Amino acid sequence: MTQEAHNGKSSVRTRSSRRECVEPGRFGRFLFKMTPKWMLILLAVLIFFSEVFAMFLLNLLPPLSPYREALLDSTILLTLLSPVYFCLYRPFWLERQRREDEIRRLSRQLIHSEEMTRTRLARDLHDEFGQGLTALQLGIETLRNSLPLGQEKELALCRRLSVMIAQLGNHVRSMTTELRPSMLDSLGFVPTLRWFSQQFSERYPGIRLDMQVVDESERLAPEIEIALYRVCQESLNNVAKHAKARVVRITMIRTKTLLTLAIEDDGNGFEADPCYSPANDYQRYGLLGMRERIAELGGDFSVVSSPVEGTTVRVQLSLAKEEKE
Ligand SMILES: Nc1ncnc2c1ncn2[C@@H]1O[C@H](COP(=O)(O)OP(=O)(O)OP(=O)(O)O)[C@@H](O)[C@H]1O
Ligand SMILES: [Mg+2]
């Protein structure tokens with residue numbers, strides 16, 4: 001992972017990596033608990049004693065030219081300090097990497113179980129509630145038709161109940177779709193995104209939504225479609241929640257080998273944390289979730305934000321492997 005901060009813009013970029021989890025041992029874990037101040041003190045003490053030792057060794061040798069003396073001094077210093085790298089710096093970073101890997105693994109697990117829960121909930125809502133409401137509606141219709149003439153009060157009650165059941169049915173349908181749009185499976189990413197964008201525009205009429213999609217002919221792999229949909233869903237939700245934007249633009253360009261998706265807004269932007277690390281990003285689930293979904297597909301994910309230009313969420317996915325399969 002690299003971090004960039006330039007021209008007043010903040011950006012956090014992730015390149016997915018499949019790194020093995022490494023176990024650094026007790027010493028690494030001890031160092032990880034050290035504060036940066038103590039690390040620095042320890043390092044300064046080590047450099048000091050290495051230098052004293054180097055001077056001591058130089059004193060034992062016959063006088064040398066300044067050039068040779070400097071060369072020998074730095075060689076001794078480097079030789080003595082290399083254990084510092086292996087004993088201090090490396091275990092520390094291995095421990096850090098291990099923790100970051102663990103957080104990545106857990107957040108991927110979370111994404112998977114969230115997706116499964118959403119799918120199951122949507123199915124249960126549709127099957128149990130939807131069908132139950134339909135049965136209720138039919139029952140009330142039968143009751144209404146069987147009422148003898150002149151029972152106006154009962155007829156009105158049946159009509160009211162019927163309207164209530166229809167409203168409940170609409171609620172259940174929109175909840176089911178919000179949880180996991182079935183058209184994502186049947187029609188694919190682009191039609192679902194168009195539908196979601198329309199819903200977004202109706203819900204937030206103050207934000208103009210432009211969409212540009214190049215090449216929507218072929219379906220993508222299901223895991224790519226769901227990841228792209230969730231990225232758009234979260235980005236648009238973030239725009240509505242945080243950006244105070246007037247315009248948001250979704251651009252998707254797909255070639256045979258590459259897919260680029262960008263969600264840009266002209267809102268107030270935000271500062272990407274310059275000390276960004278997944279290890280301290282546990283409170284921002286939205287951005288973290290998007291990044292992990294794309295990392296899992298082996299793609300590039302970046303967020304660039306500035307108060308002047310707003311926020312751009314960008315995804316790049318290589319489709320070359322998918323084409324071969
Ligand atoms: N488009 C945007 N415009 C302005 N600020 C944004 C935008 N997207 C994200 N942010 C900022 O980045 C922070 C992190 O976003 P993230 O989606 O990870 O968390 P969240 O939206 O606060 O919570 P949630 O976990 O519900 O998504 C937000 O709190 C917000 O300050
Ligand atoms: Mg969010």
Which ³J(HN,Hα) values, rounded to whole Hz and listed in residue order, are derived for the stretch 153-169 from phi using the Karplus coefficients 6.51, -1.76 and 1.60 in 6.51 cos²θ - 1.76 cosθ + 1.60 with θ = phi - 60°, glycine and proline given as x?
-> 4, 5, 4, 4, 4, 4, 5, 4, 4, 4, 5, 4, 5, 4, 5, 4, x
Taking R0 as 22 Å and r as the Cβ-Cβ distance between Arg159 and Gln199, the FRET efficiency 1/(1 + (r/R0)^6), rounded to the nearest 0.05, comes to 0.15
Dipole magnitude of the stretch 199-256 about its Cα centre, charges +1 at Lys/Arg Cβ and -1 at Asp/Glu Cβ only, in debye to the nearest 20?
-> 360 debye
So, in Å, what gap is there between the alpha-carbon centers of the stretch 295-314 and the stretch 141-179?
-> 47 Å
Here the stretch 186-191 yields Karplus 3J(HN,Hα) values (6.51, -1.76, 1.60; θ = phi - 60°; whole Hz; Gly and Pro given as x) of 7, 9, x, 5, 5, x
Burial order of peptide ranges 115-127, 151-163 (average beta-carbon count within 10 Å, highest first) = 115-127, 151-163
Working out 0.36 nm times the residue gap between Glu100 and Glu69, then minus their Cα-Cα distance, what length gain in nm do you get to one decimal?
-> 6.8 nm
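Since every read-out is calculated from the coordinates, none of them should be taken as a lab result. What you see is a predicted model, and the numbers here were worked out from it, not measured in a lab. Please note: Cβ atoms are built from the backbone with ideal geometry, for glycine as well, and neighbour counts cover all protein chains shown.
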